Amino acid sequence: MKQAAEIIKLHQSSSKAQAQEVTDAIAADVARALDKQLEEMIEQLEKVSSCQQSGPSSFQMQEIHAFAAFCAGLETIAQTLIPHLRAVYEAEMARHEIAEDRCQSLYAARAREFHRYLIQLAKVHGLAFEGAPEMIGDFEEGVLANFEAKLRIMSKV
């Protein structure tokens with residue numbers, strides 16, 4: 001009887017280890033898909049931010065501070081890309097037939113990384129409009145804090 005209990009216990013621990021290996025493999029697969037998508041999003045934004053673009057703008061620069069306008073533009077971009085990143089996460093979880101909340105930290109980490117990138121982009125390129133990218137004053141700090149809060153709300157992280 002004691003041997004049977006030990007065999008059952010050994011089988012259960014073996015099953016748990018196998019289940020953990022499968023879960024780890026799926027998490028790694030989902031992470032790779034999210035990393036690839038995030039990399040593509042950032043590459044495209046780098047291409048856009050590295051060149052001057054002319055054309056119609058929905059922002060009237062006379063009525064809005066240039067830095068705030070740049071952050072508003074990044075917010076508009078984020079309103080498309082953050083849901084897209086979330087959709088990639090949801091599709092990967094569905095593909096693996098796993099509840100979305102099982103690996104939520106994978107999405108949250110990539111969303112926060114994208115937030116950091118957008119904030120850095122605002123600091124580097126947005127402040128260049130001001131002529132003094134090294135200077136972040138109270139106004140700019142407020143705009144950045146507001147922008148970051150909006151990103152967290154959009155991402156739900």
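The values are calculated or read from the model by the stated rules, or taken from the named source; none is laboratory data. Model, not experiment: these values are computed from the prediction. In this analysis, Cβ positions are derived from the backbone assuming ideal geometry, glycine residues included, and neighbour counts consider all displayed protein chains.
Couple of notes before you dig in:
- Pairs where the first residue, in the stretch 99-114, is touching a residue at least 12 places away in the same chain (Cβ under 8 Å) and the second is outside any helix (DSSP H, G or I), C-beta under 6 Å, 6+ apart: A108/V157; A111/V157
This table checks each residue for (1) among the aliphatic types (A, V, I, L, M); (2) modelled with pLDDT of 85 or more; (3) surrounded by 16 or more Cβ atoms within 10 Å (Cβ to Cβ).
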residue: K36; (1), (2), (3): no, yes, no
residue: Q52; (1), (2), (3): no, no, no
residue: F59; (1), (2), (3): no, no, no
residue: E63; (1), (2), (3): no, no, no
residue: A91; (1), (2), (3): yes, yes, no
residue: A94; (1), (2), (3): yes, yes, no
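- Qualifying residue in the stretch 135-143 (condition: part of a helix (DSSP H, G or I), closer than 26 Å to A87 by Cα, at pLDDT 90 or above and among the aliphatic types (A, V, I, L, M)): no
- I119 being surrounded by 12 or more Cβ atoms within 10 Å (Cβ to Cβ) and either out of contact with any Pro (no Cβ under 9 Å at 6 or more places or on another chain) or at pLDDT 90 or above (or both): yes
- Set side by side, the residues I82, I26, I98 differ, and just one is surrounded by 15 or more Cβ atoms within 10 Å (Cβ to Cβ), at negative phi, assigned to a loop (DSSP other than H, G, I, E, B) and at pLDDT 65 or above, which is I98.
- Just one residue in the set A122, A128, A149, A78 is more than 19 Å from D35 (Cα to Cα), of a type in the set (A, V, I, L, M) and in contact with a helix residue (DSSP H, G or I) (Cβ under 7 Å, 6 or more places away or on another chain); that residue is A122.
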